Amino acid sequence: MKLLTNKIKIIITAVAAVLLLGIGLYGGILIGKNTKDTQPQAVALSFRDIGELATTSAYVTEVNEINDPKKFFEITIPFTTSRLIVSENYVIKAGYNFEKIVPEISDPGEDGSAGKITIALPEPSILSNEARPETRKIWLESESIFNNIPEEKRNKLEIQMKEDAETTAINNGLFDEARENAEKVLTSFIENFDAYDGYDIIFTDEK
């Protein structure tokens, strides 16, 4: 129980939530629309069919507390301390709106150099941050009859826990995973075009 008296933030895992699904789905979209072609200039390479996609999910458990004594000139008044320690799980998804990402295409050179597709990726964004109420657990709830914890403080605690879960996920590599998996999704998407066979795919940071 001593461990629970401190604010704890734990990242459980980060996974490519939709990578395989995305590859199969978008390959099917391309085939269904007959977008394969042998002439690069005849193909308008666009990521609008991908749309907004979560490429990574992080599962985070947050533990936080309210320790609320009444004080008089910085001196705690006896029998007025109320405490609440609670934990809850969160699922945070990060990804991209691929519709807004426009690739730059350079056709093969006359000297035999390969064509290039340059894709400038912005920083990933948080697409959702969902609490799992069924995982909520009260570890300690002790309210003084002289100092009940108001609902306002309980609400603020929930908001803070949700924000902390998001920060924890990012600090533990959520955006790095999202970027890596986005590159895999886009590479697989482009490889469905015969027109761009042999092109180098280059990823850069959006300026």
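Before moving on, here are some points about what is shown:
- Residues located in the stretch 81-138, provided they are touching a Pro at 6+ places or on another chain (Cβ under 8 Å) and open to solvent by less than 50 Å² (accessible area, probe 1.4 Å): Ser82, Glu88, Ala94, Gly95, Tyr96, Ile101, Ala114, Gly115, Ile117, Thr118, Ile119
- Sole residue being part of a helix (DSSP H, G or I), at pLDDT below 95, open to solvent by 40 Å² or more (accessible area, probe 1.4 Å) and more than 19 Å from Glu99 (Cβ to Cβ), chosen from Glu141, Glu158: Glu158
- Condition met for Tyr26 (surrounded by 18 or more Cβ atoms within 10 Å (Cβ to Cβ), among the aromatic types (Phe, Trp, Tyr), under 16 Å from Glu183 (Cα atoms) and at pLDDT below 50): yes
- All positions within the stretch 180-207 that are surrounded by fewer than 18 Cβ atoms within 10 Å (Cβ to Cβ), hydroxyl-bearing (Ser, Thr, Tyr) and not in a strand (DSSP E or B): Thr187, Ser188
The values are calculated or read from the model by the stated rules, or taken from the named source; none is laboratory data. From a predicted model like this one, the values you see are computed outputs, not experimental measurements. Don't worry about glycine lacking a Cβ; one is built from the backbone with ideal geometry, like all the others, and counts go over all protein chains shown. Only protein heavy atoms, including side chains, enter the accessible area calculation; ligands, DNA and RNA are left aside. Shrake-Rupley method; radii C 1.70, N 1.55, O 1.52, S 1.80 Å.
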